Amino acid sequence: MTPSHLAATPGTRMDAEMRQQPEVLAALAERWADLTAQVAALSGGAAPLGVAFLARGSSDHAALLGRYAVELTTGLPTCMVAPSLTTAYRRAPTGFRDWLLLALSQSGRTPEIVDLSRRYAAAGAKVIAVTNDGGSELAGAAHLSISLDAGPELAVPATKTVTGQLLAVLAVASGLAPGGLTQAQAAAVPDAVAHVLADIEAPERAARLLAAHNRLAVIGRGACYPAALEGALKLQETTGVMAHGFSTADFRHGPIAVCGPNAPALLLAGSGPADTDTLDVRTALAERRTPVLLAGTSPDTDLPWPSLGHLGECLPATVRTQQLALATARHLGIDPDRPAGLDKVTLTS
């Protein structure tokens, strides 16, 4: 296959960047002891009063995993910052002295994320930045910068920077208190992702179903909930399909009504204690004659990933949705590297 042929293949960049993920994640896992030690040292031995997360887009989904990890590991209160309260409503971020602010931006250049990080630092919060550019404005505004070092990401749909952020927030949680992911557990994640990427037939089969529909629900709970939200976003970005991500619990409270013969459901269910609920929702979906795709660790799954037994399963789950978005876009004749109307960096302020 010639280079010119490769350049003309839809999704070439996205595919290449997806395949770099095991290497990027392995490098982060090798830094685990250093990263967790830096997080622990930031507070000088005293736990923060709480942890706030500041993000937009895909970074928001990594922040959600961070909330799960911090609350599970430390029991500390957490919150998601609403940037508009400061940028539009002019409310100063008081009340966050001695909190930790975890600010996530793949580029490190989103103006509102940089601005709010500085404001929270001025209000007495310790700021950790997670970005792919260690020399970015966001990194410079933080007390501690965690650089993903994933290399340039050229495709508009973010892939390797998203999974890098997911692993980085687990490192932050592990640095705040005992009981988080160990270095050995972190080191198993890249292999699980590599295992998923080696299987291209399953997402191709699943894409044939999704390509026949223009709306779907992506559903998960616990570690799979951030992956469900990210998977829905990837399908939106790459195909234009009306995909929505839901918590399984919330899905039962009304949104299940959108599913039926012409609106399939993608269920993400790994090996965690919250995943049984997602598997159980298949009965209600069958009653609605909803086409269902199951991704996870069950024997009867359509899109399997290896069982890890911890929150790190969010990463292979997320990679499965990346594969599905890429394959569906190609089935529809869409180039996911250049989605209509989207730019790589969204400069919200």
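Inside the range 152-190, residues that are more than 20 Å from Thr328 (Cβ to Cβ) and touching a Pro at 6+ places or on another chain (Cβ under 7 Å) make up a count of 1.
Picking from Ser145, Ser117, which residue would you name as being closer than 14 Å to Arg31 by Cβ, outside any loop (DSSP other than H, G, I, E, B) and not β-branched (Val, Ile, Thr)?
On the way: Ser117 fails: closer than 14 Å to Arg31 by Cβ.
Going through Ser145, Ser117 in turn, the sole match is Ser145.
If only one of Ala158, Ala129, Ala92 is among the small types (Gly, Ala, Ser) and either assigned to a helix (DSSP H, G or I) or under 24 Å from Arg338 (Cβ atoms) (or both), which one is it? Spell out how you get there, then give the answer.
Numbers: Ala129 fails: either assigned to a helix (DSSP H, G or I) or under 24 Å from Arg338 (Cβ atoms) (or both); Ala92 fails: either assigned to a helix (DSSP H, G or I) or under 24 Å from Arg338 (Cβ atoms) (or both).
One residue alone meets the criteria, Ala158.
In this structure, does Leu102 turn out to be in contact (Cβ under 8 Å) with a residue 12 or more places away in the chain and surrounded by fewer than 18 Cβ atoms within 10 Å (Cβ to Cβ)? Spelling it out, it is not the case that Leu102 is in contact (Cβ under 8 Å) with a residue 12 or more places away in the chain and surrounded by fewer than 18 Cβ atoms within 10 Å (Cβ to Cβ). For the range 261-317, taking the residues that are among the acidic types (Asp, Glu) and assigned to a loop (DSSP other than H, G, I, E, B), the one that is modelled with the highest pLDDT is identified as Asp302. For Leu326, the conditions (1) in contact with an Asp or Glu (Cβ under 7 Å, 6 or more places away or on another chain); (2) surrounded by fewer than 18 Cβ atoms within 10 Å (Cβ to Cβ) all hold with the exception of (2).
If only one of Tyr89, Tyr68 is touching a residue at least 60 places away in the same chain (Cβ under 8 Å) and either more than 17 Å from Ala227 (Cα to Cα) or within 19 Å of the chain's Cα centre (by Cα) (or both), which one is it? Quick ask: steps written out before the conclusion?
On the way: Tyr89 fails: touching a residue at least 60 places away in the same chain (Cβ under 8 Å).
Just a single option satisfies the conditions, and that option is Tyr68.
Is it the case, given these coordinates, that Val196 is part of a strand (DSSP E or B), modelled with pLDDT of 95 or more and either in the same structural domain as Ser298 (by TED's automatic domain parsing) or in contact with a Pro (Cβ under 6 Å, 6 or more places away or on another chain) (or both)? Here the answer is no, as Val196 does not meet what is asked.
Residue-wise test of (1) within 30 Å of Val51 (Cβ to Cβ); (2) crowded, with 24+ Cβ neighbours inside 10 Å.
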{"position": "Leu176", "(1), (2)": "yes, no"}
{"position": "Ala187", "(1), (2)": "yes, no"}
{"position": "Val193", "(1), (2)": "yes, yes"}
{"position": "Ile200", "(1), (2)": "no, no"}
{"position": "Val218", "(1), (2)": "yes, yes"}
{"position": "Pro226", "(1), (2)": "yes, yes"}
{"position": "Leu233", "(1), (2)": "yes, no"}
{"position": "Arg252", "(1), (2)": "yes, no"}
{"position": "Ala269", "(1), (2)": "yes, yes"}
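Part of a helix (DSSP H, G or I), in contact with a Cys (Cβ under 7 Å, 6 or more places away or on another chain), touching a residue at least 12 places away in the same chain (Cβ under 8 Å) and not small (Gly, Ala, Ser): which single residue out of Pro203, Pro226 fits that description? Answer to the check: Pro226. The selection criterion, being assigned by TED's automatic domain parsing to the domain that holds Leu235, hydroxyl-bearing (Ser, Thr, Tyr) and within 20 Å of Asp250 (Cα to Cα), does not hold for Thr301. Looking only at residues of the range 122-144 that are under 12 Å from Ala168 (Cβ atoms) and of a type in the set (Val, Ile, Thr), we find that the one that is surrounded by the most Cβ atoms within 10 Å (Cβ to Cβ) is Val130.
Which condition number in (1) surrounded by 15 or more Cβ atoms within 10 Å (Cβ to Cβ); (2) touching a helix residue (DSSP H, G or I) at 6+ places or on another chain (Cβ under 7 Å) is the one that Arg13 fails? Checking Arg13 against (1) surrounded by 15 or more Cβ atoms within 10 Å (Cβ to Cβ); (2) touching a helix residue (DSSP H, G or I) at 6+ places or on another chain (Cβ under 7 Å), the one that fails is (2). Does the range 179-192 contain any residue that is under 20 Å from Trp305 (Cα atoms) and not in a helix (DSSP H, G or I)? The answer is yes, given that some residue of the range 179-192 is under 20 Å from Trp305 (Cα atoms) and not in a helix (DSSP H, G or I).
The values are calculated or read from the model by the stated rules, or taken from the named source; none is laboratory data. Fair warning: this is a prediction, and the values are worked out from it, not measured in the lab. We place every Cβ from the backbone using ideal geometry, glycine too, and count neighbours over all the protein chains shown.
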